[in-house]
Amino acid sequence: MRAVAVVSVLIYHLRMPSPDSYILPGGFLGVDVFFVLSGFLITSIVAKEIAASGRIDFSGFYLRRARRILPPLFLVLFASIPVAYAVLLPSEMQSFANSLWAALGFYSNFFWYFELGEYGSQSGLLQPFLHTWSLAIEEQFYLVWPILLLLLMRFARNRIVLVTVGLLVASLALAQLSTFWRGDFSFFSTASRAWELLAGAVLALSTRDFRAMADKSILLRYAPSLGLAAVIVSMVFLKVESPYHPGLATIPTILGTCMMIAFANPRDPATRLMAAGPSVWIGKLSYSLYLWHFPIFAFGRLYFIEPADWIDWTVWIALTFALSWLGYRLVEKPLRFKLATKPFLTLLASATVLAIALPFGLKQIDMDKAPMAARLAPIYGANDYDNQRLDRESWEVIDAVPGGTIGKTEAHSPSPNELGGLWFSPDARLKVLVVGNSHGKDMFNALYLNRERFEGVEFARFGLGGHFGADQVAQLVASPNYKAANVIAIAPLWAGVAERHLEVIRQFLADGKQVVLIDNTAKFDQPSQLPILDYEARLTGEMPDTDEFNRRAFKVQEANVAQENREIAELGRRAGVPVYSRYRLVCDDALGSCSQLTPAGKKTVYDYGHWTVDGARLFGERAADAGWFSEFLSAGDSAD
């Protein structure tokens, strides 16, 4: 059964494309199978210990867990450190160092929830230790469950299965509610996953002889095959973004796994398949396979410029099995049993690992001198090869504004200073409040960095999601900057125009504000995990010619921008407000050119379309040259 679980996870993380999406899009459910197996096995062991002695040797229990979990984990973490130093960029190394500590401390689930939830975060497929979130959930669960199990067996022995089922149902309900509320949080939440471990625990605690029941019923005799079919069907059709996982949509996988455990018998085809030599061999390696595969896949995607293909996938799988087998033979199997009589060595090994990992955890490694940086620096010259660093710098522009501190967590919502601070001075002739998401931040940067070109105009920013939620609009209207502003410049990345947008614009107009809409910027297709400029520079080993590359960039625009901007223009017509073209600041259709490089050869975007500081400075100059906001100044002067 471990073989079924780990193979499905490996296939899922390869992300081999299919006509609809990827092969085995629900392969992530292999982790859920692991949770049921873990709950069954650990509960069986602990329950037998309590039944025999009336107590739990907690030190023995956790030392056994340490011997089982830590040696292979330490091996993979150690092996990953030199590879990370050779492959990662400075900003990637910061995340790697933090994730290293999260893996060692078994709080990876919380770490990755916040890390991946940050706007513009790097893809999870490029994070070598992302998969350790499931280990963290297991260890957190086993900090509580043995104690609770001991109490139940002492004070509610006759109702222990009933109580455990009650806990399972409560966790399942909580999982579904939190999945509806915040699916990303629910995915990494121990509370949302506890019911899967408890499902295995219920089986372990049940007094029923399930195999005897299978002998008496033809239907139950083939229950493992039906259970395996339920698991496989779920893996084929369920997708990770489902609003019912973890929750109701996970039930077939959990029930199917329980059926395979409970009714296993030699006459069932699925039981025979999972008892066959290859399945048992993969099952024995499953923990090592799980640990090794994700760093191998992530480093492979980080190092190679081209998207992964069949050659890469074959090499990654072969390397995963080879290192897993070596790790199992040389580390996992011998240390698991040799350390059983020497608990001191377990503690000593753990302390040694922490001491070696410390420099990385404290970020004392100069990554600008690392191999990848040394290779890229001559190619990029005055440009920064680290797009995450460019991203971070774009958020720091607002820090120069009095009271303007902001962070990426406020990409789609207002910061405390935007809610309660007043950024405008009393003597400004025109006060323009730029509202929008991360692209609104880019627009604010462009205007603020060129503020000397907009004489008499001051700019402030307010984080607002593209759907103009009622709560956020209410916060905006109540903010000091809104009350002081003359002009509200609406500049999100428009995800589509709706009646809600027209309603809000009319509210602003009714409040006596002038309103201007700013259409969408150009967006560009990315051939791999890299933006097109970085892709070409690393592929060819040199920065491209500015004019020639900008003409090529024009040809790889996302096609939907033109239609989106037509919808925004129509919205402006209906509302009776002007529309400024952010797109034309970037692209000149007549010349067939989009400025991904400034005339000085500096990068203007750091991903599909967000502006670097250099890009914002260039596009702000063009906005000034186009006379943005001059009509509002003229109207104010006439009124005076």
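Each value in this text was obtained by applying a stated rule to the coordinates, not by laboratory testing. Quantities reported herein were computed from a predicted structural model and do not represent experimental measurements. Because the Cβ atoms are built from the backbone with ideal geometry, glycine has one as well, and the counts that use them run over all protein chains shown.
Below, the figures for the structure above:
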{"item": "Under Karplus coefficients 6.51, -1.76 and 1.60, residue-wise ³J(HN,Hα) of the stretch 535-548 in Hz, glycine/proline x", "result": "4, 5, 4, 6, 6, 8, x, 7, 6, x, 4, 4, 5, 5"}
{"item": "Charge dipole magnitude, Cβ of K and R +1, D and E -1 - the stretch 2-361, Cα centre, debye nearest 20", "result": "1580"}
{"item": "Test item: Cα-centred dipole of the chain, Lys/Arg +1 and Asp/Glu -1 on Cβ, debye", "result": "3560"}
{"item": "Förster radius 51 Å - calculated FRET efficiency between VAL144 and SER630 (Cβ-Cβ, nearest 0.05)", "result": "0.20"}
{"item": "Low-density loop positions, trypsin sites (Lys or Arg not before Pro), the stretch 1-58 - DSSP coil, at most 16 other Cβ in 10 Å", "result": "ARG55"}
{"item": "Highest-first arrangement of 483-490, 397-404, 412-419, where packing means the average Cβ count within 10 Å", "result": "483-490, 412-419, 397-404"}
{"item": "Cα centroid separation - the stretch 205-274 against the stretch 520-596, whole Å", "result": "51"}
{"item": "Acute angle (nearest 10 degrees) that the helix 251-262 long axis makes with the longest principal axis of the chain, alpha-carbon atoms", "result": "20"}
{"item": "SER593 long-range amide H proximity, modeled H, under 5 Å", "result": "ASP588"}
{"item": "The stretch 439-542 - charge dipole about Cα centre, Lys and Arg +1 at Cβ, Asp and Glu -1, debye rounded to 20", "result": "320"}
{"item": "Where labels lie 7 Å past Cα in the beta-carbon direction, separation of VAL233 and ARG375 in nm", "result": "4.7"}
{"item": "Degrees, to the nearest 10: 499-510 long Cα axis against longest axis of the chain", "result": "40"}
{"item": "Anisotropy class of the stretch 222-306 from Cα gyration tensor, a/c 1.5 cut", "result": "oblate"}
{"item": "Anisotropy class of the stretch 495-640 from Cα gyration tensor, a/c 1.5 cut", "result": "prolate"}
{"item": "Contact order normalised by residue count of the stretch 2-361, Cα under 8 Å, 6+ apart, percent", "result": "27"}
{"item": "Sequence of SER528, SER171 once ranked by neighbouring C-beta atoms within 10 Å, starting from the fewest", "result": "SER528, SER171"}
{"item": "Calculated FRET efficiency for the pair SER206/TYR62, C-beta based, R₀ 35 Å, to 0.05", "result": "0.85"}
{"item": "Relative exposure of TRP628, TRP181, judged by other C-beta atoms within 10 Å (fewest first)", "result": "TRP181, TRP628"}
{"item": "At R0 = 41 Å, FRET efficiency that the Cβ-Cβ distance of LEU502 and TRP310 yields, to 0.05", "result": "0.25"}
{"item": "Full-extension gain in nm, ALA428 to LEU177, via 0.36 nm per residue minus C-alpha separation", "result": "85.5 nm"}
{"item": "The chain, relative contact order [Cα under 8 Å, separation at least 6], %", "result": "13"}
{"item": "Gain upon complete extension [GLU455, LEU539; 0.36 nm per residue less C-alpha separation]", "result": "25.8 nm"}
{"item": "Farthest toward positive dipole pole in the stretch 2-361 [+1 Lys/Arg, -1 Asp/Glu at C-beta], among TRP112, PRO269, LEU174", "result": "PRO269"}
{"item": "Dipole of the chain, positive direction: furthest Cα of LEU285, PHE454, GLN475, with charges on the beta-carbon", "result": "LEU285"}
{"item": "Cysteines not pairable in the chain (beta carbon separation under 4.7 Å absent)", "result": "CYS258"}
{"item": "Highest average packing first - 272-281, 123-132, Cβ atoms within 10 Å", "result": "123-132, 272-281"}
{"item": "Three-way shape call for the stretch 66-119 based on the alpha-carbon gyration tensor, with the a/c threshold at 1.5", "result": "oblate"}
{"item": "Volume in Å³ per residue [convex hull over Cα atoms, computed for the stretch 2-361]", "result": "145"}
{"item": "Between helix 133-155 and the chain: long-axis angle, C-alpha atoms, 0 to 90°, nearest 10", "result": "50"}
{"item": "Fully extended contour minus Cα-Cα distance, from ASP20 to ILE218, at 0.36 nm per residue", "result": "67.5 nm"}
{"item": "Distance in nm between pseudo-label sites at GLU567 and TYR303 (7 Å out along the Cβ direction from Cα)", "result": "4.3"}
{"item": "Farthest positive-ward along the stretch 1-87 dipole, Cα basis, beta-carbon charges - from LEU77, ALA47, SER59", "result": "SER59"}
{"item": "Ordering of 605-614, 467-476 by burial proxy (mean other Cβ atoms within 10 Å per residue, highest first)", "result": "605-614, 467-476"}
{"item": "Rough spin-label spacing in nm, given labels placed 7 Å along Cα→Cβ, for ALA275 and VAL83", "result": "3.7"}
